[in-house]
Structures are given as C-alpha cells and as structure tokens.
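The values are calculated or read from the model by the stated rules, or taken from the named source; none is laboratory data. Owing to the predicted nature of the structure, the values given are computational and were not obtained by experimental measurement. Here the Cβ positions follow ideal geometry from the backbone for every residue, glycine too, while neighbour counts run over all protein chains shown.
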Amino acid sequence: MDREGIILSAETSFLDITGYDAHEILRRNLKDFVPEHLHFLLNNGFKGLAESDDLLKINGIHKKDFEIPLQFTVKEDPGEPQTFFINIKDVSYRKEIENQLLTSRENYQILAETATDAIVQINSDFNITFANSAVQRVFGYDSLEIENNNVGILFPRSRYSKYEKQFEKYFYIDDTHRADTGLKNSLEVLGRNKNGDLIPLEISFGNSKGSQNTRRLTCIIRDIASRKKSERRLKYLAYHDKLTTLGNRDRLVESLDQLLAEIERQPDRKGALLFLDLDGFKKVNDSLGHEMGDAILKECAKRLMNSLRKNDQVYRIQVEDIFRLGGDEFTLLLPYINKIEDAAIVARRIISRILEPFNIDGYGSITHINMGVSIGIVMIPQDGKDRTTLLRNADSAMYKAKELGNKYVFFTNDMNNMAIERLMLEEGLRKSLGTKNFSVYYQPILNAEREILGVEALIRWFHDKEGMIPPKKFISIAEDTGLILPIGRWVLETACRHLKIWQDSGFGHLHLAVNISARQLEQGDLGNVIQEVVKKLGVNSGKLKLELTETCVMNNPESAIDKMNDITSSNPGIKIAIDDFGTGYSSFGYLSRFPVNDLKIDRSFVINLSRETNKKIINSIVTLGESLGLTVVAEGVETGEHFQYLKERNCNLFQGFYFSKPVPFEDMTELLEAGKL
Ligand code: C2E
Ligand code: CA
Ligand code: CA
C-alpha cells in the first residue's frame, strides 16, 4: 500500500479472505474494504502503526457483504519508504472451523484405520476412493490394491448389478430420510473376497458431498459369517427338541401354517396330521426313572424316523415332518395325501412299530419294556382350516383313541361337541369351587341285619344352568385339570364335619367312606392333608375309610403301597377299601401286600347278577376276601333278590338303591335315627 492506503499488490491469501479477484482490488483504497464506522482506526496513517508494532483489530468487508474480523500488522518497506506491507490475519470462526475440519479428518482417518469393519468410500461412478486397512481382513485385498477400482470387485459378478441399483439410492437419500422412503439402514449382501470365496456381509451407508459437489458414499462393511452361523444355530435350537432332535412345537406351528397356506392355494390338495401319545409312558418314567424315560422317547423318535422313511409304498415321510411337542406327545404331518385310508395305513404302521418291545440299555443291563401309542388323526383342510382348530381336533381324536387304547381314531364332529362340553364343564367346575353348587350326599352301608354301619360320601354338583351333573361326567375332567385336588379336599372336610356331628349325636360307631382319586393319591402329602383335616374337625381317624379304585392302585402298585403305608402311619386306625373291585387286574401277590381292609365288588357285577359269569366273579371275590381276611362289600344292590343272593354268599356289607339312594346330610341323619333299613 502506499501511504494513502491504495493497494499496490496483494497475495492470494488476501483474495481468499475477502472473496475478491485481484483486478477488483488493485488500485483501490484499503478503506473500501473496511466498514465506514471503523475508518477512524486508519486515520492516523500507517506510519504510526508501523512504528508502534501494535496489532490492529479491525473488520474487513467480504465481497458477499459480510464483515470478517481481521488482525493487521503493519511494516514499512525498508527499501521503499512510504510503502507499507500489511499482514492480515482472518480471526473469524471460519478459520476455526477449517482447523476443526482438519483435525476431524485426522480423527476420521484414525477411526477408519482402527475400525474392525472394512470401510470403503466410493464416488458416483462406484469407484473406490478410499479403503481402510480392515479391507484386508475382510476381503484379502490391500487397501491400495482396490483404491480406484470399481466397487464391484468386492461382490460376486452375478449379484453386483442388483446391488449397484440398491447402493445408488444411498447416494441421494441420507439417513434422516431413509425411514420415509422405506430404505433400510443396512443391507445384507453376499460379498466375494480375493480368493473368490463368498462371504455374508452387512453394509451400512453414510453419504456426503465432497468439493465441487461430488457425491461420496461411505460403506461400512461387516463380515457377518460368524453371526449368520450363530443365528442359524439359535434358530435350530429354538425349533428343535434337544432330546430327540425332532422339530418342536414352534416348528410344527410354522410348518402347519405353511402347509395350510399351500393347501389354500391348491384346492385339490389334501393333507393329514397325526397326533401321537404314548401309552404307559408315565408309568415307565415314574417307576424306572427319567433316564429310562428319555431313552424310550429317543428310541420312539428313531422308530418314527426310520420306519416311516423307508416306507415307500404308501407314504414317504420326511424327518422334517415329525415333531415332538413335549412329554410323550409326537406329531406327524402328511403334507400330501391321496385318500383318507393312507393316513390309517401310516397310523397302523406306527402302532405296530411302537408295540415292538423296547430293549433299553441302562445301568449296565438291558431292560425290556412294552409301550403302546394312541393316535388321533385330522384331515386337512376337512377337519379344520386353521392351526388351532386342527390341533384341538387332533387332540380330541387322540383322547378318544386313548380311551380305546393302542388305536388310531379319525376326528369326527361329535368329538368336537364333546370337547366343547368338556371345556364348558371345566369352566363351570372352576366357578363352582367354594360355592354352594357343590354338596356331599351320603349312601348308607349296611350289614346282613340291615343295620347302618357306615356311609359313603358322594359329591353332587348342581350347575347353575345344566342342573345336577353326575360325578361320572365331571370327576374325570376334575382329574385331568387337577381341580380334583381342591375339590377332593373340600369333600373330605365337609364329610368330616358331618361325621363329627353324627359322632356327637350318638352314632360313634359309624364309618365314613370317602372316595380318593388317583391324582389325589399321587400327590405326595395326602397323609398330611388327612391328618390336618382330622385334627381340625376333631374326628376319630379310626372311623375314616378311604376308597381307592382297583385301577388306581394297580396302575403303579409299588408306589401305591408306599402311599398307603404313609397314609396309615400318619392316621392311626384309618381303613382303606379297594373300590370297583373286579374291573381291573389285581394280582394276588400285590393284594396280599396292600394294607387294605375292604374289597368293594363293582356294582356292575351285582346289577347284572342274572349273568352266570357275574355270579362266578362275585363268588371268587368273596373267596378271595375270606382268604385274605378282608371285608367284602357289595354295592349296586338294587333288589331283594340281589340282597338275598349276596347274603347267602357271605358278603359282609351291602350298599344300594334297594336300601337307599345317596341322600343329603339331613336325610341321612333321619335314616341313622331309624337305625335299621
Ligand atoms: P363309586 O365310588 O363306585 O360310588 C358308587 C356309585 O354307585 C354312586 O354313584 C352311587 O350313586 C351308585 N349306586 C349306589 N347304589 C346303586 C344302585 O343300587 N344301583 C346303581 N345303578 N347305582 C348305585 P355316583 O354318586 O353317581 O358316583 C359315581 C362315581 O363318581 C363314584 O363311584 C365315584 O367313583 C365317583 N365319585 C363320587 N363322589 C366322589 C368324590 O367325592 N370324590 C371322588 N374322587 N370320586 C367321587
Ligand atoms: Ca366309592
Ligand atoms: Ca364303587
């Protein structure tokens, strides 16, 4: 500048700061680039500034008309007096930002280099402009090796053109707008490494604009091979049963839904579902232990897989179509079936395979075990168009098969009605718990002289809408659902309360018989429950008699003996009767070991006394009772002839409509007062 402030020459840095071209500033006064209100700072001339060595803080005006904070230092040109150099420094934020950018670029590079994911930057021609060193780890290429190459080098050729179209979108749509456009934040694609091997990758994207508005896409590329593997493993675990390796319930649900969708699209197609439940498994599991149980389940799974796969005549079943639902329940899906009979053939084959003896190796020796299986069959879509209905119907059919034992049963609609009724009853039972809807009736038990020696407590259920529902209809449901436990306890308490009243009014000799279901006996602490109730109500346990059915005790005799001994030891004097005797299969050996007092001849033999075989059965039960020193009770005595016959055959006690139907507590009290019937 000359001494007036006319600009004689300028370095480009001045042009950068002010935004002007050289020709726009040369020969102009410096003041033109300083706002007018600050001109006074320059009024003292430059000589003074040059001599004082001071920093002059002043604003300049940018070509785009904004002010820029500047710092001037002035020096006089020693070779040419009255000419000054001004050193101008831009102290605005812009500078600061530029500096920050510089450091952040360094940071970015450090970041890119330390990342374990491969980072690749590409331009809009899909050429690689940057690659970090992790590219080596993921793809086997040196970063310099791939820079300036097309990014297609990292992907299998067959897929790349599809990928390129996807990548392209990420150039223009940045992450804040991805959600609106349905663009995912990352893509799972297949990559190809330097050796030509395929690698599963996950790529996330970030776009940016470089200088001259060039678009850049930064791709963060993660090798997800190990994640894919563990995902597969997790999925496998989630859908398979560990013990048998068969698909589990979730898997069945998936397959069944898929099959239903297929069948819906192909109206002529039919399928079937077989619902299997092993017969006698629980017994094996309880008596021989869980290891043995597991071994049996494994063997069953094997038999299902092998026998059915080899079967080429009727049906080839894929292993994927066999499932274990848990416990001893299995399911088989037949995705294609020509006629209903084919399902029956498969079911028959399964039954015969399972009936072959199991030779289980355990504890150093081979155990031979016999098992059976019951099968319910539903046809798809005939018996249900959705999964829930099909499974429910298959379950109903299986339930029916179970009643028959070792059979297969096709679902029919009246089973559905039965199932609905069961559900309704179950619901009703729950609601009636603890209400007046339940009541205990009593039926007298007499000796040959027709004196009342005891009573049997029989539960009655008065349903709000359906009226009286006989125990035959609801006891089994109560058993299946476990509701028998609270119900049974309630019966015991109520009957003991009544017994106490009778004992206190002079009928101290009276026996009270209470029915105990299998489920109650299985429950570990029945002895304690009885002890508690007896104590609470102050009755004499010596007058209590438990009626256990023959099937219940013979189902698992050893465990029944333990339970009975437990009950008698915690309740002194308590008696045990075997109910419905003659309908099960008792062995003489066990019978002599049971701590029982009475045998109750099943009422069906008495009611149909006219049949010769029934007479024979009754005679042998009486003989058996005599030889074991047991009291023989005949129930179902409906006529004088019945009574006469049984009395002559030396039955000890009698019970039946001939004397009295089961009656409420008050009526029973009246009968007791009469004494003889
Ligand atoms: P159960 O233990 O064999 O009871 C005797 C059944 O025979 C009673 O039926 C009784 O009413 C009936 N009965 C008595 N005399 C005659 C007769 O002369 N002719 C005919 N045809 N039947 C006669 P109920 O009360 O319907 O009970 C049926 C079954 O329900 C009982 O058979 C018992 O197994 C079960 N049950 C009843 N109450 C209870 C209870 O509180 N707990 C448990 N676990 N089961 C019970
Ligand atoms: Ca009974
Ligand atoms: Ca009975």
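As for the stretch 514-532, it holds no residue that is over 24 Å from Thr435 (Cα atoms), of a type in the set (Val, Ile, Thr) and crowded, with 22+ Cβ neighbours inside 10 Å. Output yes when any residue across the stretch 650-666 is more than 10 Å from ligand 1 (Cβ to nearest atom) and farther than 30 Å from Asp504 by Cβ, and no when none is. Within the stretch 650-666, one or more residues are more than 10 Å from ligand 1 (Cβ to nearest atom) and farther than 30 Å from Asp504 by Cβ. Among the residues examined, Phe462 qualifies as away from ligand 3 (no atom under 16 Å from the Cβ) and assigned to a strand (DSSP E or B). Scanning the stretch 471-481 for residues that are within 16 Å of ligand 3 (Cβ to nearest atom) and in contact with a Phe, Trp or Tyr (Cβ under 8 Å, 6 or more places away or on another chain) yields one hit, Pro471.
Here Gly280 fulfils each of the conditions (1) more than 26 Å from the chain's Cα centre (by Cα); (2) buried (at least 19 other Cβ atoms within 10 Å of the Cβ) apart from (2). What's the number of the condition Lys472 fails, among (1) away from ligand 2 (no atom under 16 Å from the Cβ); (2) part of a helix (DSSP H, G or I); (3) surrounded by fewer than 15 Cβ atoms within 10 Å (Cβ to Cβ)? If we test Lys472 against (1) away from ligand 2 (no atom under 16 Å from the Cβ); (2) part of a helix (DSSP H, G or I); (3) surrounded by fewer than 15 Cβ atoms within 10 Å (Cβ to Cβ), just (1) comes out false.
On the basis of being under 25 Å from Tyr20 (Cβ atoms) and touching a residue at least 60 places away in the same chain (Cβ under 8 Å), does Phe84 make the cut? Considered against the rule, which asks whether it is under 25 Å from Tyr20 (Cβ atoms) and touching a residue at least 60 places away in the same chain (Cβ under 8 Å), Phe84 comes out as yes. The listed residues are Thr623, Thr613, Thr669, and the only one of them that is surrounded by 15 or more Cβ atoms within 10 Å (Cβ to Cβ) and over 52 Å from the mean Cα position of the chain (by Cα) turns out to be Thr669.
When you go through Glu262, Glu299, Glu202 one by one, which is the residue that is acidic (Asp, Glu) and surrounded by fewer than 16 Cβ atoms within 10 Å (Cβ to Cβ)? I'd like the intermediate steps shown before the answer.
On the way: Glu299 fails: surrounded by fewer than 16 Cβ atoms within 10 Å (Cβ to Cβ); Glu202 fails: surrounded by fewer than 16 Cβ atoms within 10 Å (Cβ to Cβ).
Within the list Glu262, Glu299, Glu202, the selection yields Glu262.
Can Val622 be described as of a type in the set (Val, Ile, Thr) and out of contact with any Lys or Arg (no Cβ under 7 Å at 6 or more places or on another chain)? Against the criterion (of a type in the set (Val, Ile, Thr) and out of contact with any Lys or Arg (no Cβ under 7 Å at 6 or more places or on another chain)), Val622 does not qualify.
Cβ-Cβ contacts under 9 Å between residues 6 or more apart (or on different chains), taken from a first residue in the stretch 515-528 that is in contact (Cβ under 8 Å) with a residue 40 or more places away in the chain to a second residue that is surrounded by fewer than 17 Cβ atoms within 10 Å (Cβ to Cβ) and assigned to a loop (DSSP other than H, G, I, E, B), are listed as Arg519/Gly482.
With respect to being farther than 17 Å from Gly280 by Cβ, among the acidic types (Asp, Glu) and either surrounded by 17 or more Cβ atoms within 10 Å (Cβ to Cβ) or modelled with pLDDT of 90 or more (or both), Asp383 fits the description.
What number of residues within the stretch 544-554 satisfy the criterion of being away from ligand 3 (no atom under 14 Å from the Cβ), closer than 16 Å to Asn515 by Cβ and at pLDDT below 90? Selection size over the stretch 544-554: 0. With respect to Gly508, determine if the residue is surrounded by fewer than 15 Cβ atoms within 10 Å (Cβ to Cβ), assigned to a loop (DSSP other than H, G, I, E, B) and either away from ligand 3 (no atom under 16 Å from the Cβ) or on the phi > 0 side of the Ramachandran plot (or both). Spelling it out, Gly508 is indeed surrounded by fewer than 15 Cβ atoms within 10 Å (Cβ to Cβ), assigned to a loop (DSSP other than H, G, I, E, B) and either away from ligand 3 (no atom under 16 Å from the Cβ) or on the phi > 0 side of the Ramachandran plot (or both). Note on the stretch 564-660: enclosed helices (runs of 4 or more DSSP H) holding 3 or more residues that are within 14 Å of ligand 3 (Cβ to nearest atom) are 603-607. The condition (being away from ligand 2 (no atom under 16 Å from the Cβ), free of Cβ contacts under 8 Å to residues at least 60 places away in the same chain and within 23 Å of Glu522 (Cβ to Cβ)) is satisfied by just one residue among Thr435, Thr481: Thr481. Filtered by the rule that a residue be more than 23 Å from Leu492 (Cβ to Cβ), within 16 Å of ligand 1 (Cβ to nearest atom) and crowded, with 18+ Cβ neighbours inside 10 Å, the stretch 555-593 gives a lone residue, Gly582. Here the strands (runs of 3 or more DSSP E) wholly within the stretch 31-135 that include at least 1 residues being at pLDDT below 90 and in contact with a strand residue (DSSP E or B) (Cβ under 7 Å, 6 or more places away or on another chain) are 56-61, 67-76, 84-90. Checked against the criterion of being away from ligand 1 (no atom under 16 Å from the Cβ), within 44 Å of the chain's Cα centre (by Cα) and of a type outside the set (Val, Ile, Thr), the stretch 537-553 contains not a single residue that satisfies it. Among the residues of the stretch 173-228, those that are of a type in the set (A, V, I, L, M, F, W, C) and part of a loop (DSSP other than H, G, I, E, B) comprise Ile173, Leu183, Ile224.
If you go through the stretch 382-406 and keep only what is more than 26 Å from the chain's Cα centre (by Cα) and within 19 Å of Gln258 (Cβ to Cβ), you end up with just Gln382. Taken as a whole, the stretch 392-409 holds no residue that is of a type in the set (Val, Ile, Thr), touching a residue at least 40 places away in the same chain (Cβ under 8 Å) and crowded, with 17+ Cβ neighbours inside 10 Å.
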